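The values are calculated or read from the model by the stated rules, or taken from the named source; none is laboratory data. Keep in mind it's a predicted model, so treat the numbers as computed, not measured. Heads up, the Cβs are rebuilt from the backbone with ideal geometry, glycines too, and the neighbour counts pull from every protein chain shown.
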Amino acid sequence: MKKILASIFIVTFLANNIAKADEGMWLPMLLGEQVYADMVKRGLKVSKEQLYSMNKACIKDAIIIFGGGCTGEIVSKEGLIFTNHHCGYNAIAAASTVDHNYLRDGFWAKSKSEEIYAPGVHAQFLIKIVDVTDKVNEKIKDIPANELTQKLGAILMEMGNKEVEGTTYEGRISSMFKANQFLLFVYERYKDVRLVGTPPESIGKFGGDTDNWEWPRHTGDFSIFRVYMSKDGKAADYAADNVPLKAKYSLPVSIKGVKDGDYTMIYGYPGGTNRYETSYGVKLKTDIENPSLVTLRDNRLKFMLEEMKKDPAVKIQLAGSYAGIANYWKFFDGESKQLLKFKTYEEKQANEQAFLAMAKGKPEYENLFNDYQKIYDAWRPYAKQRVYMTEGIFGSPLIAFASSLQKLDAVLSKKDATKEEIAKVIDAVKTARKTFASGENVVSDKNILAYVTQSYYNDIDANQHPAGFFSKLNAKYGDLKTKATYDAFANDVFTNTSFINDAKWDAMIANPDTANLHKDPAFAVANAFNTNFNTRYAKAFADFNAQNFALGKTYLKGVLEMNKGKKMYPDANFTMRVSFGNVKSYSPKDAVKYSHICTLSGILEKYKPGDYEFDAPVKLIELAKAKDFGQYADATAKDIVVSFISSNDITGGNSGSPVMNAKGELIGLAFDGNYEALSHKLKFDKDLNRTINLDVRYLLWVVEKLGGASNIIAELDLRKM
C-alpha cells in the first residue's frame, strides 16, 4: 500500500510541476523543439528564427520594456508604440494641466511636431540572451547558502556591467529556477519617448475599480507613444532635433478579427510569479499578508477617492498613485479567495510529500521541509507587524517621505562626513522632496495617517509596538480607543512638520541639522517605527529571507534533477517571455458561460452619464448608436469588439503586451486577468485562467473615429486577410 501511495504522490508531483496545456511563460531563446512543436500543433505559422534571432530582425525586436514596468510593441517603421493606457498613465498625467487635461479629454498628435516628450519614460530593446550559469556559479561557489541572498544582487550587477563594458548597451543577469540557472540579457535603452495619443480616461479606464479583473471588460486600455533616436541613428537623451526611430522590426496589424479557438501568442515582460512556492508560503500569504494588505489599501483608497471626486486638480495629482494602489488591492483580495477555493495549500502539501518520497535516501533533500517549517514558525509571529508598517504607517506619503530622510540623518550624524558626501545626499533629498510635494494631498494623507496609526494600535500585538509611542499619544491626545485621538495626532503632525511647508523646508534644508530633523513630528513618527523594526525584527526578517532563499535553491535543484528532460519554464522575473494559447470562452460556475468577446453594445448597457467609472464620451455613444463602425466591425458580431479573452499565461508586467495571431500579426493588447484565476502567480488554473485583451480594432476605431488621427492609422501595416 505504501508503494502505491508513493507512486500516486510522484505522479501528482510531476503533474503539478510540468507545464501543460496553456501554462508557461517561455524564454524565446530556449523554446526547444518540444515547446515549439506544441506551438505549431496549436496553429503557429512562423519559424523559430522569426520568433527569436540574434542575427536577423524578428518579432523579439518589436517588443520593448516600456517605462520600466510594462511592455510595449513597435507597430510602425517609425518607432510607433502601442501599450496600455494604465502604463502611460503617469506620463499622461504629467503632461496634463487643468487647462489641458489629457487624462479627461484625451490627446491626439496630428503631426510629429505635436508629440509631447514624456520625461522619465524609456524604451528598452532586447539585443540578445546569453547563458552565463557557469560563470556565475564559479563566482559564487564559496559563498555560504544563507549569505547568498544578500550578496547575489551586487554580484550579478557587477558581472552584468562587465559583460557590456565598452559598449552603449546595458547588461542584466537574471536568476532562473531560484538561482539554479543564470542568463545575461543585453538591452539598448532609448530615453526620448513621446506621447502620440491617448483616449479620454472615460475610455481608457472605463469600468474603473468595479470592472477591474472582471469579464466582460469594456476598457479601452491603450495609449500610443513614439521612440526617437539621434540624427546619426543612436539611442540618445531627449533633443528637439531627434528623429523617429528606424525600427528593426514592426508588427503588422490584423483587422480580420478573432474567433473562439483561434491561436494566440503573447510576448512581453511578466514581472513575477512564484509557482514553486511551498505550502508554508501559501499559508502565510492567505492567513496574514494578503488580508492585512487588502484592508489597509482599501481604506487608503477610500480617503484618496473622497478628495479626487471633489476637485479635478486633485484627481490629476493623485491619479497615478491611486491607480497603482487600487490595481493590486483587488488582485490580492482575489488571489487569497482563489488560493483558498482551489485548496492550493493542500495541493502544495501533496507535492511536497511526493518530493520527499522521491528524495528518500538523498541527504541533501530529506530534511528540506522540516527546515522550511522551522523558518516559517520563527518568522510568522512578526509578519503582520511588518505589513502594517510598510503598507500601513508608510502608506502615508508624508511618513514615507520622512522615512527617506533617514539617509540624511545618517550622513549628518557621521563625524567624518565630507562636504561632498553631505551635498550629494542633500541634492538627492531635494529631488525626492520635489516629487513628494507634487503628489501630496494633505487632506487625504492626514486621514490616512490617522487611520493607519489607529489600525496598527488595534491590530498589532502590544509587545511589538514601538517603545513609548502610543503611551505618548495617550498622554497628549487622549483615549487610544477613539478615532478622535488619532485625528488630533495626525492634525498635529501635519500642522507642525517642515516637510509640507515650502518656507520651512527651504529654511531647514539650507542649514540641515540632525537635532532639528529629529524634532520634526513626521520624522519622529517614521523614526519610531523604523527603529522598532530595525532593532527588533530586521535581523529575523533578513535571516528568514536568507534561509528561505537557500532552501528554495535546493528545492528547485531537486525538482530539476527529478524532472530531467521534461519541458519546464522558470518563474517570471521581468525578462522576455512568450506564451501561447487560444481565444477561449469559459464557464466560471454552474449554468454560466462567458463569450470570448465583448462589444460596444456592452458599453451602451453600462453607460451612466457623469458617473465616475461608467461615463463615456458623448461622441462614442453617438457613433455606437449610429453603428458607424467603418472597417473595424466584426463580421460575425456586427459590432465593434472591444475585448476578447484567451488562455495565455501572463502576469503583471505583461500589461501592454502584444497579442498575436498564428502569423505573428497584432490582434490585441493584453491588459488584465480574470478574477476567477487570480491565484495565477502561485498556481495556473488550466480551466479558468484567461487573459483579457483589448481588440486592436477597437483601438483603431477610437483613434480614427473619435480622435480623428488618421495619420496614426496611415503609419500601420494593416492586414485585412
Checked pairs for the stretch 58-75, first on the phi > 0 side of the Ramachandran plot, second in a helix (DSSP H, G or I) and modelled with pLDDT of 95 or more, C-beta under 8 Å and 6 or more apart or across chains, list as G67/C87; G67/G88; G67/A91
Among K330, K285, K315, the single one that is crowded, with 19+ Cβ neighbours inside 10 Å, charged (D, E, K, R) and over 22 Å from Y675 (Cβ atoms) is K315
Looking across the stretch 481-508 at residues that are of a type in the set (V, I, T) and exposed (fewer than 15 other Cβ atoms within 10 Å of the Cβ), the single one that is farthest from the chain's Cα centre (by Cα) is T482
Listed by range, helices (runs of 4 or more DSSP H) wholly within the stretch 204-314 having at least 1 residues that are over 22 Å from the mean Cα position of the chain (by Cα) and among the hydroxyl-bearing types (S, T, Y) are 279-284
Selection from the stretch 336-381 of residues among the β-branched types (V, I, T) and not in a helix (DSSP H, G or I) yields none
Picked from the stretch 153-190 (must be in contact (Cβ under 8 Å) with a residue 60 or more places away in the chain and of a type in the set (V, I, T)), the residue nearest to S53 (Cα to Cα) is V186
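Okay, residues lined up against (1) among the small types (G, A, S); (2) closer than 30 Å to L556 by Cβ:
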| site | (1), (2) |
| --- | --- |
| P363 | no, yes |
| Y382 | no, yes |
| R386 | no, yes |
| A417 | yes, no |
| E420 | no, no |
| V425 | no, no |
| K430 | no, no |
| F436 | no, no |
| G439 | yes, no |
All conditions in (1) closer than 30 Å to D311 by Cβ; (2) buried (at least 16 other Cβ atoms within 10 Å of the Cβ); (3) out of contact with any helix residue (DSSP H, G or I) (no Cβ under 6 Å at 6 or more places or on another chain) are true of A437 except (2)
For the stretch 396-417, the count of residues that are surrounded by 17 or more Cβ atoms within 10 Å (Cβ to Cβ), assigned to a loop (DSSP other than H, G, I, E, B) and either small (G, A, S) or in contact with a Ser or Thr (Cβ under 8 Å, 6 or more places away or on another chain) (or both) equals 1
Reported set for the stretch 19-35 where residues are under 20 Å from D262 (Cβ atoms), surrounded by 17 or more Cβ atoms within 10 Å (Cβ to Cβ) and out of contact with any Phe, Trp or Tyr (no Cβ under 6 Å at 6 or more places or on another chain) is D22
Okay, helices (runs of 4 or more DSSP H) sitting entirely in the stretch 418-488 with 3 or more residues that are basic (K, R), I get 419-439
Point to revise | Residue in the stretch 615-623 that is surrounded by 17 or more Cβ atoms within 10 Å (Cβ to Cβ), within 24 Å of K205 (Cβ to Cβ) and small (G, A, S) present | key: yes
Report task. Kindly establish whether S76 is modelled with pLDDT under 95, crowded, with 17+ Cβ neighbours inside 10 Å and in contact with a Lys or Arg (Cβ under 9 Å, 6 or more places away or on another chain). Result -> no
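Just give me the residues in the stretch 61-84 being more than 16 Å from L669 (Cα to Cα) and more than 17 Å from the chain's Cα centre (by Cα), in sequence order.
Within the stretch 61-84, D61, K77, E78, G79 qualify.
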Residue pairs within 7 Å by beta carbon, gap of at least six or interchain, first lying in the stretch 429-452 and touching a residue at least 24 places away in the same chain (Cβ under 8 Å), second in a helix (DSSP H, G or I) and among the small types (G, A, S), listed first then second, are A432/S404; G439/S321; K446/A490; I448/G395; L449/A490; A450/A490; V452/G392; V452/G395
G324: passes all of (1) surrounded by 19 or more Cβ atoms within 10 Å (Cβ to Cβ); (2) in a helix (DSSP H, G or I); (3) within 18 Å of the chain's Cα centre (by Cα); (4) not basic (K, R) but (1)
Note: among T198, T219, just one is in contact with a Lys or Arg (Cβ under 8 Å, 6 or more places away or on another chain), closer than 30 Å to L305 by Cβ and either modelled with pLDDT of 95 or more or charged (D, E, K, R) (or both), namely T219
Looking across the stretch 107-125 at residues that are part of a loop (DSSP other than H, G, I, E, B) and either among the basic types (K, R) or under 24 Å from the mean Cα position of the chain (by Cα) (or both), the single one that is farthest from R194 (Cα to Cα) is K110
Checked the stretch 68-104 for anything in contact with a helix residue (DSSP H, G or I) (Cβ under 6 Å, 6 or more places away or on another chain) and either of a type in the set (G, A, S) or not in a helix (DSSP H, G or I) (or both); matches are C70, E73, I74, S76, L80, A93, A95, S96, V98
Check your understanding: Does K476 satisfy the condition of being in contact (Cβ under 8 Å) with a residue 24 or more places away in the chain and loosely packed, with under 15 Cβ neighbours inside 10 Å?
Key -> no
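Table: residues versus (1) more than 14 Å from A402 (Cβ to Cβ); (2) modelled with pLDDT of 95 or more; (3) not small (G, A, S).
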site: L473; (1), (2), (3): yes, yes, yes
site: A484; (1), (2), (3): yes, yes, no
site: N491; (1), (2), (3): yes, yes, yes
site: T497; (1), (2), (3): no, yes, yes
Expected output for the stretch 307-324 (first residue without any contact (Cβ under 8 Å) to a residue 12 or more places away in the chain, partner acidic (D, E) and not in a helix (DSSP H, G or I), Cβ below 8 Å, 6+ apart or cross-chain) is none
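Being of a type outside the set (V, I, T) and within 21 Å of S587 (Cα to Cα) is the requirement here; does L678 meet it? Quick ask: steps written out before the conclusion?
Values: of a type outside the set (V, I, T): yes; within 21 Å of S587 (Cα to Cα): yes.
So L678 passes the test.
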Sole miss for Y612 among (1) over 22 Å from L44 (Cα atoms); (2) under 26 Å from the mean Cα position of the chain (by Cα); (3) buried (at least 23 other Cβ atoms within 10 Å of the Cβ) is condition (3)
Per the list (1) more than 26 Å from the chain's Cα centre (by Cα); (2) over 28 Å from L305 (Cβ atoms); (3) among the hydroxyl-bearing types (S, T, Y), residue check on S579 breaks on (1)
